[in-house]
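Asks: Can you read through this structure? Questions will come right after.
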Amino acid sequence: MDAITTAIVTGLAIPVAKDAITDAYTALKAALKKKFGDESDVVNAVKQLEKKPDSEGRKATLQEEVENAKVNDDPEIVKLAQDLLSKLKEQPGGQQVITQNVSNVKYAATSGSGNASISGITEHETSKDH
């Protein structure tokens, strides 16, 4: 998942009532509404996910709408998502939930340690000679 979808999904997954996290989540949603409109597909996908945060289908819909609207091309929204993720990582269990959400991708292979940022992934079919 991209940083924006991960931030929203994780923000809904960690049961905390910290003002800093609530404020960061609210700021991200407000930026999405300001940029795309209150009735946009992206904002509606967030609203639907808020109703059923555990729904894999709604998470996938949000990811699709984020990609379709090219939300990751907006540096302000990406920064707000990263700020929210930073605050969530600081919470007990936050890093584990974020890692689980980020690893819920179609194909993934990792090794080593450190920080990574992935966005704008495009899948291409390749032919293999046997």
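Asks: What are the residue pairs meeting all of these: first residue in segment 14-28, first residue surrounded by fewer than 18 Cβ atoms within 10 Å (Cβ to Cβ), second residue at pLDDT 70 or above and of a type in the set (Lys, Arg), Cβ atoms under 8 Å, and 6 or more apart or on different chains?
Replies: Final answer for the pair search is Lys18/Lys87; Ala20/Lys87.
Asks: Would you mention how many residues in segment 34-46 are surrounded by fewer than 13 Cβ atoms within 10 Å (Cβ to Cβ) and assigned to a helix (DSSP H, G or I)? It would help to see each step written out before you state the result.
Replies: Within segment 34-46, the first condition is being surrounded by fewer than 13 Cβ atoms within 10 Å (Cβ to Cβ), and the residues that meet it are 34, 37-39.
Keeping just the survivors that are assigned to a helix (DSSP H, G or I) gives 34.
Result for segment 34-46: 1.
Asks: Please tell me if Lys79 is more than 11 Å from Ile4 (Cα to Cα), free of Cβ contacts under 8 Å to residues at least 60 places away in the same chain, open to solvent by 20 Å² or more (accessible area, probe 1.4 Å) and of a type outside the set (Ser, Thr, Tyr). Can you show your working first?
Replies: Numbers: more than 11 Å from Ile4 (Cα to Cα): no; free of Cβ contacts under 8 Å to residues at least 60 places away in the same chain: yes; open to solvent by 20 Å² or more (accessible area, probe 1.4 Å): yes; of a type outside the set (Ser, Thr, Tyr): yes.
Taking the combined requirement at face value, the residue does not satisfy it.
The values are calculated or read from the model by the stated rules, or taken from the named source; none is laboratory data. Everything numeric here is computed off the predicted structure, so don't read it as measured data. Note that we place each Cβ from the backbone using ideal geometry, even for glycine, and neighbour counts take in every protein chain shown. The protein model used for the area step is the full one, side chains on, heavy atoms only, and it has no ligands, DNA or RNA in it. Shrake-Rupley method; radii C 1.70, N 1.55, O 1.52, S 1.80 Å.
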